[in-house]
Ligand code: SF4
């Protein structure tokens, strides 16, 4: 993976944006797995090409499939709330994409075959954007980079040693947090807040 990422060199924001548009155009025509048959459109990304944080979710849901953008709908709104409360600016600081670019039937978990088929786009996005921090948001995103038997509850909130030059952390998916309402200490929403505060502190050290 590291070898693949080192092959792409974009010097500035304009070059990154151009490379991302080219990759998105290829992705929009992709028929590499059967998910192409049930999508309304591919859902490639949202956010600035030169953002310091890349947030990688699982797969588009029905709202994202209809809008063509990741993290819209209630889960996206909850994510925005958490980001804002931690001092992270979604517009300025975060490039958002998903592990899988096409909606899965009935929102089922993507298969390993589908994840492998779609990796070329995700790794391309990482190589082009070259973020300082990657947030793996949800189990599918996490298990695309670590062993399948590692649970998000075991590693969320910890810095993971995956890339030499990118800090990586797993965080809970906002869809899961929609079903968790407590704000009390040591509950999922409380952990999300603490995890993003940690990310913001790290971001401040990396960009100043
Ligand atoms: S999920 Fe990925 S690999 Fe499968 S058709 Fe969509 S873009 Fe292509």
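The values are calculated or read from the model by the stated rules, or taken from the named source; none is laboratory data. Nothing here was measured: the structure is a model prediction, and the numbers come from that model. Quick reminder, even Gly has a Cβ in these numbers, built from the backbone with ideal geometry, and neighbours come from all protein chains shown.
Okay, here's what the table says:
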read-out: Tally, over the stretch 63-110, of residues that are in a loop (DSSP other than H, G, I, E, B), over 17 Å from the mean Cα position of the chain (by Cα) and under 22 Å from residue 198 (Cβ atoms); value: 2
read-out: Neighbours by Cβ (under 6 Å, 6+ apart or cross-chain): first from the stretch 17-41, more than 6 Å from the ligand (Cβ to nearest atom); second modelled with pLDDT of 95 or more and not in a helix (DSSP H, G or I); value: 17/49; 20/49; 24/44; 28/42; 39/102; 39/103; 41/68
read-out: Conditions (1) away from the ligand (no atom under 16 Å from the Cβ); (2) at pLDDT 95 or above; (3) more than 16 Å from the chain's Cα centre (by Cα): number failed by residue 150; value: (2)
read-out: Breaking point among (1) assigned to a helix (DSSP H, G or I); (2) under 20 Å from residue 89 (Cα atoms); (3) touching a strand residue (DSSP E or B) at 6+ places or on another chain (Cβ under 8 Å), for residue 142; value: (2)
read-out: Number of the condition not met by residue 168 [criteria: (1) in contact with a strand residue (DSSP E or B) (Cβ under 9 Å, 6 or more places away or on another chain); (2) assigned to a helix (DSSP H, G or I)]; value: (2)
read-out: Test: residue in the stretch 51-62 that is in a helix (DSSP H, G or I), free of Cβ contacts under 8 Å to residues at least 24 places away in the same chain and either more than 16 Å from the ligand (Cβ to nearest atom) or surrounded by fewer than 21 Cβ atoms within 10 Å (Cβ to Cβ) (or both); value: no
read-out: Search result, residues across the stretch 166-188 that are in contact (Cβ under 8 Å) with a residue 24 or more places away in the chain and farther than 22 Å from residue 64 by Cβ; value: 166, 167, 168, 169
read-out: Residue satisfying condition, being away from the ligand (no atom under 14 Å from the Cβ), surrounded by fewer than 21 Cβ atoms within 10 Å (Cβ to Cβ) and at pLDDT 95 or above, within set 47, 87, 68; value: 87
read-out: Residue 124 vs. criteria touching a helix residue (DSSP H, G or I) at 6+ places or on another chain (Cβ under 6 Å), in a loop (DSSP other than H, G, I, E, B), more than 21 Å from residue 62 (Cβ to Cβ) and in contact (Cβ under 8 Å) with a residue 24 or more places away in the chain; value: no
read-out: Subset of the stretch 10-50 [under 16 Å from residue 93 (Cβ atoms) and out of contact with any helix residue (DSSP H, G or I) (no Cβ under 6 Å at 6 or more places or on another chain)]; value: 13, 45, 46, 47, 48
read-out: Qualifying positions in the stretch 155-176 - over 16 Å from the mean Cα position of the chain (by Cα) and either crowded, with 20+ Cβ neighbours inside 10 Å or within 26 Å of residue 77 (Cα to Cα) (or both); value: 155, 158
